[in-house]
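Asker: What follows is a single structure, and I will ask about it in a moment.
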Amino acid sequence: MKKDNLERKDEYIWEIPKEYKGCMSVPGRLYLSEKLVDVVEEDTYEQIANVACLPGIKNYSLAMPEAHLGYGFPIGGVAALDRDEGVISPGGVGFDINCGVRLLKTNLKKEDVKGKEKELIENLFNKVPSGVGSESKLNLSNSELDILVENGAQWAVENGYGKESDIKFCEENGKMQQADSSLISKKAKGRGKSQVGTLGSGNHFLEVQYIDEIFDEEAAKTFGLNEDYVTVMIHTGSRGFGHQVCTEHVNEMEKAAKKYGIDLPDKQLACAPSGTKEAEDYFKAMCCAANYAWANRQVITSWTREAFHDFFDSEIKLDLVYDVAHNVAKEETHKINKKESKKDYFVHRKGATRAFGPGHSSIPKKYQKTGQPALIPGNMGDSSFIVKGTEYAMENTFGSTCHGAGRKMSRKKAKGKYWGGTVQKELSEKGIYVKATHGSVIAEEAPGAYKNPTEVVDVAHNAGISEKVGRLQPMAVAKG
Amino acid sequence: MNLNKKDFEFIEHTADAKFKAYGKNLNEVLENAAYATFRSMLDLSDVEPTLKKEINLSSSELDELLFNWISELIYYFDAENIVFKDFNAQVEKTKQGYELFSKVYGEKINPKKHKFETEVKAITYHDLEIEEKNGYQVQVVLDT
């Protein structure tokens, strides 16, 4: 689809008309600035239109401001599928189920870390296994893994990784209740057993940052954020466990779609009607993978705390601000407009973040007045943001906003254009120390390969789907 | 044994890895697709084919066979930390569809020796193509 087919509805709202494709039952709707429209690949529009063909989709096939090419769903895609008449699609969640981000605030100031970035990150790198093939320091039995995937972050805390208060600052309290470990294959367990507490590779990272700007004093106060204080951001997901769960269910759904007579424009959108065994089994297994990811981030949090305590030789506070999932499907109740009554949906977010507005019962008590914090990581050379959910998002995007900046250059192109050593040197001149398993990881993840996070977050802010609270600048980054 | 290792090409894709692989028959195209999958992660000249695995599977459709074949290799890569470089696949047409018998060779991941550029999480059905055209050709998008 060509960009000319887009209809501009508002300064930041663009639509793909329902008539674009015969199978679309709703229009596509994108939140973009004029500048961002130009960097969206044309195939991304096609993917947004394809999602609009899923049975039971409500209102719009949505794309957040970082929209870019994915497989099946676009990255930045949000779709609410009717709980009774819709479908569930593993492709709407992706292989890295509950890939997500958490933010820890510390009682350290920027000056306390300045000059020590390298040593600190080496310490973190030694504590938290990263990179391809890295193995966890934990070796779980199958039965322990069963308990872990049914209890998520709560398993971690019960086993000494973190504190009770961490739980309430995770989406879903770090545990999706519908998880059923009896649906997990031997293979998923085989991949998952040795990866609890590992960062992984690619765009996953552990970053030491400081808060350089506060946009919303009141919300920042509620979230406990102060200028010049150090934060730690952890970005990882459900590792091989989630990848295997998705792989197996995409195949099952492929057959289910045929069985239930669902005609799909892209096989990766394979799905099954809610309530069918195929849909239920996937959802329960997906919940296991989501819980695995929360346990993973919780264990890494605990080792991060250890690394800080050892390094500074004192009790450093590292309190969890919040933990968000950005690849997940959730059963949620939404009231779209005044005319309609509340209804249940399976909201699929693929590279998009839940950002519920003030007063929602699913967000921690402490944040009831401000709205849910959402974390938007940048890239290793650019700012990350903490934003808050809005009432507008509740009415327009099923309470969702962007999840990151999104790539604009393929890994291959980035490797051709940048050299790891040079990128590392340039970042170090900006005061950012980057540690990776080797140079090509740094080249692939070079800041120039990503869209400018400020632009993406500003569009979300100006469109009203989330509001900026604070900005975080990287000081030291560990990449897998 | 698969000796012709140039029988594939990478295609531009912003977030993931995409390739086309070719072969004069089904066996060869599957071998080349497997090679391309691992080549998208690292330079395979650093890998010694000292460890052998046998992978046998069956599928009713050809695209599912390709999906299952690559998924199985990724499984061993991730669960047992083995990186593969040589592939010997034999496909047989049956009444129910296809059966694949294979022997694959590689070695345990050694971070000192193996410089990974990226990690493949899974094969996707997005844009997946397998067609008979001057032999066979396939198109694959990998989630990286």
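The values are calculated or read from the model by the stated rules, or taken from the named source; none is laboratory data. Keep in mind that this is a model prediction, so the values were computed, not measured. Every residue, glycine as well, gets a Cβ built from its backbone with ideal geometry; the counts of neighbours run over all protein chains shown.
Asker: Determine which single condition A:LEU30 fails, assuming it passes every other condition in (1) within 13 Å of chain B (Cβ to nearest Cβ); (2) crowded, with 24+ Cβ neighbours inside 10 Å.
Answerer: Only one criterion in (1) within 13 Å of chain B (Cβ to nearest Cβ); (2) crowded, with 24+ Cβ neighbours inside 10 Å is unmet by A:LEU30, namely (1).
Asker: Next up: Run A:CYS53 past the list (1) crowded, with 24+ Cβ neighbours inside 10 Å; (2) away from chain B (no Cβ under 14 Å); (3) in contact (Cβ under 8 Å) with a residue 60 or more places away in the chain and report the number of the one that doesn't hold.
Answerer: Among (1) crowded, with 24+ Cβ neighbours inside 10 Å; (2) away from chain B (no Cβ under 14 Å); (3) in contact (Cβ under 8 Å) with a residue 60 or more places away in the chain, the lone unmet condition for A:CYS53 is (1).
Asker: Would you be able to tell me the number of residues in segment B:85-144 that are β-branched (Val, Ile, Thr), within 9 Å of another protein chain (Cβ to nearest Cβ) and over 14 Å from the mean Cα position of the chain (by Cα)?
Answerer: 3
Asker: Still on this structure, please answer the following. For segment A:103-216, please list each of the helices (runs of 4 or more DSSP H) lying entirely inside it that holds at least 3 residues being within 14 Å of chain B (Cβ to nearest Cβ) and farther than 21 Å from A:LEU427 by Cβ.
Answerer: A:186-192
Asker: Where in segment A:363-480 are the helices (runs of 4 or more DSSP H), entirely inside, with at least 1 residues that are among the basic types (Lys, Arg)?
Answerer: By residue number, A:411-417, A:420-429.
Asker: Could you check, for segment A:77-99, whether at least one of its residues is more than 20 Å from A:TYR282 (Cα to Cα) and not in a loop (DSSP other than H, G, I, E, B)? Spell out how you get there, then give the answer.
Answerer: First, the residues of segment A:77-99 that are more than 20 Å from A:TYR282 (Cα to Cα): none.
So far as segment A:77-99 goes, no, none of its residues is more than 20 Å from A:TYR282 (Cα to Cα) and not in a loop (DSSP other than H, G, I, E, B).
For (1) surrounded by fewer than 24 Cβ atoms within 10 Å (Cβ to Cβ); (2) farther than 22 Å from A:SER238 by Cβ; (3) within 21 Å of the chain's Cα centre (by Cα); (4) away from chain B (no Cβ under 14 Å), each residue gets a yes or a no:
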{"residue": "A:ALA329", "(1), (2), (3), (4)": "no, no, yes, yes"}
{"residue": "A:GLU332", "(1), (2), (3), (4)": "yes, no, yes, yes"}
{"residue": "A:THR353", "(1), (2), (3), (4)": "no, no, yes, yes"}
{"residue": "A:GLY359", "(1), (2), (3), (4)": "yes, yes, no, yes"}
{"residue": "A:TYR367", "(1), (2), (3), (4)": "yes, yes, yes, yes"}
{"residue": "A:ALA374", "(1), (2), (3), (4)": "no, no, yes, yes"}
{"residue": "A:GLY399", "(1), (2), (3), (4)": "no, yes, yes, yes"}
{"residue": "A:GLY404", "(1), (2), (3), (4)": "no, no, yes, no"}
{"residue": "A:SER410", "(1), (2), (3), (4)": "yes, yes, yes, no"}
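Asker: Specify which of the listed residues (A:LYS221, A:LYS284) is surrounded by fewer than 23 Cβ atoms within 10 Å (Cβ to Cβ), under 21 Å from the mean Cα position of the chain (by Cα) and more than 14 Å from every other protein chain (Cβ to nearest Cβ).
Answerer: A:LYS284
Asker: Follow-up question, since we're still on this one. With respect to A:VAL87, determine if the residue is at pLDDT below 95, among the β-branched types (Val, Ile, Thr), over 16 Å from the mean Cα position of the chain (by Cα) and more than 21 Å from B:ILE123 (Cβ to Cβ).
Answerer: no
Asker: What do you reckon, is A:GLU252 in a helix (DSSP H, G or I), of a type outside the set (Val, Ile, Thr) and modelled with pLDDT under 95?
Answerer: Criteria met by A:GLU252.
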